[in-house]
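Notes to accompany the following structure.
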Amino acid sequence: LDELDFDGSYYFHKEFSSAPNPVLQVSGFGRLCLPLSQDDAVRLRSICTQAPFGKGERTIVDKSVRDTWELSASKIRFENPDWRKWIGTVMKSVCDALGVDTAQSKPYCDLYKLLLYETGSHFLPHQDSEKSDGMFATLVIILPSQFTGGAVHLSHGGDSVCINTSSRSLSSTSVLAWYSDVTHAIQPVTSGYRLALAYNIIHAPATGSSRRSSIPRLPSSREAIKLLRGAFLAWRNGGFNDNVPTKIVSLLDYKYTQATLKAKGRKLLKGIDAYRVSCLERVAKEYGFRLGLANLECHVDGVPEAPGRYDRYYCDPDPDASEEEQEPHEWVMEEVIEQQMSITGLVDLLGQELLQDVEHGNDTQMIPEELEETVTEGKHDREHFEDYQGNVSSVSSSDISAF
């Protein structure tokens, strides 16, 4: 699992109901009103050209592979100054989601094409070519227009997702982004017109870094997948030792509530958690293992470090003290009286409940091995001070993947 250290996703998607109108001025057309009307779509199509695609070293037009209309970026002008500011905000969200190390790269986006999809328009599975030096990802902004179909299918490393933006297409702006080596397809538009702006996301080196060496890229999971296959095969065949675990519990990096895990399952996972679970799921299925998500809670009772600190709990707050100084103290245990760990709310990756309580005896392998200590040494989620006994009860929670 340490080999799977990518803290990001291969794609980004978000809908914006309050995105600014870019106020598009189109050469040979005039100002384009949004949401796009059918009449304007027909007029716009008349000045577009059939979009080609790359095949080897050639660029060809084949409507059976790609049936889309396009307009060059040189013919597009944005009249709303707020659009540039909004794009900057979007780019920050995209970089965070894609796991871009902004200490090494300061990406920017460059408008490439305006794309118009009509009924029947589609694009078969493909990967984006590098259209400019330093390009590492694609940003697509779907502008308000009424259409159905046209879902985007993305796949990478055995994982796939289908994003349908048509349900609120008339009133919202949808943003999608993905790394260039992600395979993607546009499913046929079944009615209406789908209007999109396609941008190239380009690496700009941070101070002191070379232009090529630090271009953000999706990591290769090939070696890690190979190691995982060996581990799962040995586990299935009882090849580790005489005490083969019936389950393995691995700590996630982020925290999630039981309610949201049950409601969204794997869709809720962020960053490195999403990446690792995706790789684990791929191998687990091959060898007949089940993968789930659960909440882990550690409850610790004990005596706090210094009796002199009790007074903060039963003295009036100092009116001259700062807000930070008046915050309750986070207790450090001098003596632990009792410590308990529980694993509850196990769901599958779709959020369907498997078990309410999960046993974790000697037949359970923990990752990390000192999992309970790792959780209790972190920041406590809740603390309770018992005045008369002078004891502190603290609760730390985290989330796990179990298989």
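The values are calculated or read from the model by the stated rules, or taken from the named source; none is laboratory data. Not measured: the values here are computed from a predicted model. Using ideal geometry, Cβ is built from the backbone for each residue, glycine included, and neighbour counts are taken over all protein chains shown. For accessibility, only protein heavy atoms count, side chains too; no ligands or nucleic acids. Shrake-Rupley method; radii C 1.70, N 1.55, O 1.52, S 1.80 Å.
Worth a mention:
- Heavy-atom accessible area with a 1.4 Å probe sorts Val283, Val161, largest first, into Val161, Val283.
- Local electrostatic count at Leu111 - Lys and Arg +1, Asp and Glu -1, tallied over other residues with Cβ under 13 Å: +3
- Difference of contour (0.36 nm per residue) and Cα-Cα distance, Ala231 to Ile47: 60.5 nm
- Under the shape rule built on the C-alpha gyration tensor, where the axes satisfy a ≥ b ≥ c, the range 1-125 is oblate, since a/c reaches at least 1.5 while a/b does not exceed b/c.
- Each semi-axis of the equivalent ellipsoid for the range 11-203 is √(5λ) with λ an eigenvalue of the Cα gyration tensor; in descending order they amount to 23, 21, 17 Å.
- Residues of the range 11-203: accessible area per residue with a 1.4 Å probe, Å²: 45 Å²
- The candidates Arg31, Arg276, Arg290, Arg168, arranged from most to least accessible area with a 1.4 Å probe in the full protein assembly, appear as Arg290, Arg31, Arg168, Arg276.
- The range 74-227, accessible surface, carbon-and-sulfur percent (1.4 angstrom probe): 51 percent
- Model label points for Asn164 and Thr190, set 7 angstrom from Cα along the Cα-to-Cβ axis, are 0.7 nm apart.
- Close amide H contacts of Lys106 (hydrogens built in the peptide plane, cut-off under 5 Å, sequence separation of 5 or more or a different chain): Ala204, Ala206.
- Using a Förster distance of 35 Å, the FRET efficiency for Phe16-Thr59 (Cβ separation, nearest 0.05): 0.60
- Between Asp39 and His153, the contour length at 0.36 nm per residue exceeds the Cα-Cα span by 38.1 nm.
- Sorting Arg222, Arg382 on solvent-accessible area from highest to lowest, probe radius 1.4 Å, gives Arg222, Arg382.
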